[in-house]
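Beneath this line is the structure, given in C-alpha cells, with notes to follow.
Derivation of every value follows stated rules applied to the coordinates shown; laboratory data play no part. Keep in mind that what you see is a predicted model, and the values were worked out from it rather than measured. Cβ placement follows ideal geometry from the backbone for every residue including glycine, while neighbour counts extend to all protein chains displayed.
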Amino acid sequence: MPDLDPTRYSLTARWVFPVSSPPLANGVIEIESGLITAVHNCRPNPETVDCGNVALLPGLVNAHTHLEFSDLQRPVEPALPFTQWIKSLVGVRRERPATEAVILQGLTECQAAATQLLGEIATQDWSTQTYLAPGIRTIVFRELIGMLPDRAAAQLEIARKWLGESDTSVTRGLSPHAPYSVHPDLYRDLIQLAAEKQAPVAIHLAETLAELELLDRGTGEFVEMLQRFNAWDQQIIPRGTRPLDYLRPLSAVRRGLVIHGNYLESAEFDWLEKHPQVSVVYCPRTHAYFQHSPHPWRTLLDRGINVALGTDSRGSNPDLSLWREMQFLVTTFPDVDPAQILAMGTQRGAEALGVGAEMGSLEPGKQSQWASIPLPETRDGDPYRLLFAGS
Ligand SMILES: [Zn+2]
C-alpha cells in the first residue's frame, strides 16, 4: 500500500463490509482526521487507494479472553469434569506464573487475527502499559475472587484501587469471577462499586450444569472443589438460587457482560430482554471443548438480546483467533445468516464492551479502524461465502 496522507484518504476493495449495512462490491471508505466520513460504492476518485482482492471490514472484537495463558500450546486437560479442568488450570498458573511478556504475546496473536478490540480479564494489577499495543484497544476487567466472608474486605480494596487509578489509557472494569468463587455479599458490593464508578462488569455465569446445581441445591462437584480449597460453608448460597439472582444487581451498571451463559433459561431471557445494557458473550470453540448442551445464542438474538463472541483463553481454546470463531460458527450453523455471525464478531462485540458509538462498524463518525481479509480468486458472487473462505 502506498503512503497515505494520514489526515485524509480513501480506500477501495473488491468488497467492503460495513456490517451496519449490506456489503458493497467495489466499496469505498473515505477517512478524514482518523474518522470515517463516508462509505459508498460510487466511483472512487483518482487518489483512492485500491486494496485489491480483499474484504475491508471493521476490526474484530474478542469480547472475552484471559491473556495470561497465551503461551499455552494446547488447551489444558482434562476438559471434564469442569472442576478437574479448573484444578489443572490453577496448577498451570502455579507452575509458570504469568508475565507481561505472555500478555504481550497474546495481544500480538489477537492483532494478527484482525482483532482490534478486546475484553480482557486480569488477575493481577498489571501496568496498563502492558496493554498498549498499536491498533488494539483493551477493556481490562480486574478479576476478584473470594467465597469466604473473610476475603471480602481485601478483594473490595483491590477493586477500589483498580477503579481509582487516574491513568485512563485503558478502560477499567471489574470481574467478580463466578457464582462459585465469589460470596453473594461481595458480589453485591462489587457491583455497587462498579455502578458508582460507571465501570463495566463481566461475570462468568450459567457456565455449567454443576454451577446450577450448586446454586439451587448446594451440592455437587463445586462443593467438593470448594471444600478442597477450604472455601466452602453450606450457609453461603441460599438454596433455590439461580443465575437470575446474579443478573438482577447488574441493572445498576453501565455495561454488563454475562460470560458464557451456556445454561441460561427463560427467566434469564426475560430479564435480559428488559436490560439492553447487559450482553451475553458466547465463546463457540471453548463451548465445544467442554461439550456443553447447545448454546442459546440464537434464541437470545431472536429475543433482541445482544450476543458478542469471545475466544476465552488458550486454556480451553487452541488459539485466540476471533476470525476462526466466526468461521467455526459459519461451518457449524450453515442455516444461520452469516451477516448475523459477522455482526456478533464486530458491531455486537463493540456494543457489549460499551464502545459501540466509536467502533464495530464502518459508518460515518466512527474511528478509521478496519481489517483487511484476503479473498480467494474465485468468481463467487456471494460476498459472505467469499469472506469466510478467506484467511
Ligand atoms: Zn473466561
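Per the Kirkwood formula on distinct C-alpha pairs, the Rh of region 263-314 is how many angstrom?
Values: mean 1/r = 0.0862 Å⁻¹.
Across region 263-314, the inverse of the average 1/r is 11.6 Å.
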Let's test the formula: R0 of 22 Å, r as the Cβ-Cβ distance of SER21 and LYS274. What FRET efficiency results, to the nearest 0.05? 0.20
For a label point 7 Å from the Cα of SER372 along Cα→C-beta, name the residues of region 2-41 whose backbone N is under 14 Å from it. 2-5, 10-16, 29
Which ³J(HN,Hα) values, rounded to whole Hz and listed in residue order, are derived for region 48-57 from phi using the Karplus coefficients 6.51, -1.76 and 1.60 in 6.51 cos²θ - 1.76 cosθ + 1.60 with θ = phi - 60°, glycine and proline given as x? 4, 7, 8, 7, x, 7, 9, 9, 9, 9
For region 1-142, whose charge dipole is built from +1 on Lys and Arg Cβ atoms and -1 on Asp and Glu Cβ atoms, the candidate among ALA25, THR48, ALA122 with its Cα farthest towards the positive end is ALA122
The exposure ranking of SER321, SER88, fewest beta-carbon neighbours within 10 Å first, is SER88, SER321
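Which of rounded, prolate or oblate describes region 181-291 when judged by the alpha-carbon gyration tensor and an a/c cut-off of 1.5?
Details: a/c = 1.73, a/b = 1.25, b/c = 1.39.
The shape class here is oblate.
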Going by how many other beta carbons lie within 10 Å of each one, how would you line up SER10, SER166, SER316, fewest first? SER166, SER10, SER316
Taking region 178-236, the equivalent ellipsoid from its C-alpha gyration tensor has semi-axes in Å, biggest first, of 24, 13, 9
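If each residue of separation counts as 0.36 nm, what is the full-extension length gain between ASN53 and SER266 once their alpha-carbon separation is subtracted?
72.2 nm
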The size of the Cβ-based charge dipole (Lys, Arg +1; Asp, Glu -1) of the chain about the Cα centre, to the nearest 20 debye, is 240 debye
Run the numbers on the chain and let me know its relative contact order in percent, using alpha-carbon pairs under 8 Å that are six or more apart. 21 percent
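Kindly rank 269-278, 344-353 from highest to lowest mean number of other beta carbons found within 10 Å of each residue.
Numbers: 269-278: 15.6, 344-353: 27.9.
For the peptides 269-278, 344-353, the packing ranking is 344-353, 269-278.
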Between SER316 and residues 5 or more places away or on another chain, which pairs have amide H atoms under 5 Å apart, with H built 1.01 Å from N, and which residues are they? VAL76
Shape call for region 60-352 from the C-alpha gyration tensor, a ≥ b ≥ c root eigenvalues: rounded (a/c under 1.5), prolate (a/b greater than b/c) or oblate? rounded
Among VAL182, THR241, LEU144 - extreme Cα towards positive end, dipole of the chain, charges at beta-carbon: THR241
